[in-house]
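The values are calculated or read from the model by the stated rules, or taken from the named source; none is laboratory data. Worth saying up front: this structure is predicted, and the values here are computed from it rather than measured. No Cβ is skipped: glycine too gets one built from the backbone with ideal geometry, and neighbour counts run over all protein chains shown. Please note that ligands, DNA and RNA were not included when accessible areas were found on the heavy atoms of the full protein model with its side chains. Shrake-Rupley method; radii C 1.70, N 1.55, O 1.52, S 1.80 Å.
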Amino acid sequence: MRDILETMKRWQAEERSIALATVVKTWGSAPRREGAKMGITNEMAMTGSVSGGCVEGAVVEEALAGLNDGKPRLLKFGVADDMAWEVGLTCGGSIEVFVEPLDARWWDALAKLAERDKYGVTVTVMEGACIGEKVLLDGAGDVLYKSQALPDETLARLKAAAADCSKSGIVTFNAVDEEGETRVMVDMQVERPHLILIGGVHVSIPLQAMATQVGFRVSIVDPRAAFASKERFPDAANILHSYPDKALPQLGLDRSTYLAVLTHDPKIDDPALITALPANIPYVGVLSSGRTHRQRVARLKEAGLSDELIARIRTPIGIDIGASTPEEIAVCILAEIIAVRSGARPDQARPAP
């Protein structure tokens, strides 16, 4: 939702009538993932996308209808449907899109979480008499918002649906009617991924810029102030001029943290690895040759790290594309991080040559 946050905030300040469209289910090669959002005003202004362009026209028509009658609706587009061909969904996939008049109180609560990089999950009823009713929970499971018409019994079932799901999308759940099942949408607002670069070296400059462009929050750690300066890294979220064993606990190491160790200096690189590897973060990559890494492994073992932890290091860092310039190396590093984050590559290191 971050891609539409600023525009939606401006529209709200202008007191426009707004509808929200959310991708809730995909099959095959649908172009957007579950949770992708598009805002639409009654003047047909748009922000965001639910399909990369191929069904937006039909979604806008339904959004305008929803603003007129005040009712949410669940739409389905697929290559087997005449309407899908008509609007251009010919890529071999199908999607379901939930369109609703914007619930401003819920959206404001969700936007606050996004702006603070906090986790939240919304569960929305997709069908039946309670269609469109929703609850927003924070990371501790506390209710930040619930629809006024939501009965306590239904609220309890929606909270259970949130606890049972590990990703966004539609699930079938006994959420409303004890006599039968209904479908609810579980929509997770997750923390932005946090990329920490150890070393304000040359390759870090394009890597920070590229990672920021694709949605990462980037921090630079380097005790050498001349390397890690605001002039070299104007868009960095944090620049810390301390050694990694002091800086990393300050920044936090969790499920959304990705670490690239880039200095070639054991006095800086080793404390970063000794601190980060036990935290079990999703990605630890080191810019290194095979010979240098074998020497590093000996030092890390002497420092007390187990073979299992050391094996989590990805080195040589990045996907091998024959990169040579700092910009090309940055591309290969970021590509590997994105692949790990998306699950396209297993969470384990490749053997050093």
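For the range 195-207, putting each phi into the Karplus relation 6.51 cos²θ - 1.76 cosθ + 1.60 with θ = phi - 60° gives couplings of 9, 9, 9, 8, x, x, 7, 4, 5, 5, 5, x, 5 Hz, in residue order, rounded to whole numbers and with x for Gly and Pro. Run the numbers on the range 212-298 and let me know its relative contact order in percent, using alpha-carbon pairs under 8 Å that are six or more apart. Averaging sequence separation for qualifying contacts and normalising by length gives 24 percent for the range 212-298.
Note on the chain: with neighbouring protein chains present and a 1.4 Å probe, carbon and sulfur make up 50 percent of its accessible heavy-atom surface.
Name the residue, out of 208, 189, 12, whose mean-square fluctuation peaks in a Gaussian network model built on the chain with Cα pairs under 10 Å. Maximum among the listed residues: 12. Peptides 333-339, 115-121 ranked from most to least packed by the mean count of surrounding Cβ atoms within 10 Å: 333-339, 115-121. Close amide H partners of residue 239, meaning residues 5 or more places away or on another chain with modelled amide H under 5 Å apart, are 220.
Using a 10 angstrom cutoff on alpha carbons, build the Gaussian network for the chain and name the most mobile of 324, 256, 94. Largest GNM mean-square fluctuation: 324. For residue 108, neighbours were defined as the other residues whose beta-carbon sits under 12 Å from its Cβ, and their charges (Lys and Arg +1, Asp and Glu -1) total +1.
In the chain, the calculated helix contribution to ellipticity at 222 nm averages -10000 deg cm²/dmol per residue, counting -39,500 (n - 2.57) for every DSSP H run with n ≥ 4.
For the chain, relative contact order (Cα pairs under 8 Å, six or more residues apart, normalised by length) works out to 10 percent. Straight-line cross-link partners of residue 37 among the lysines, defined as a Cα under 23 Å from its Cα and at least 8 positions apart when in the same chain: 9, 25, 71, 76, 112, 118, 134, 146, 159, 167.
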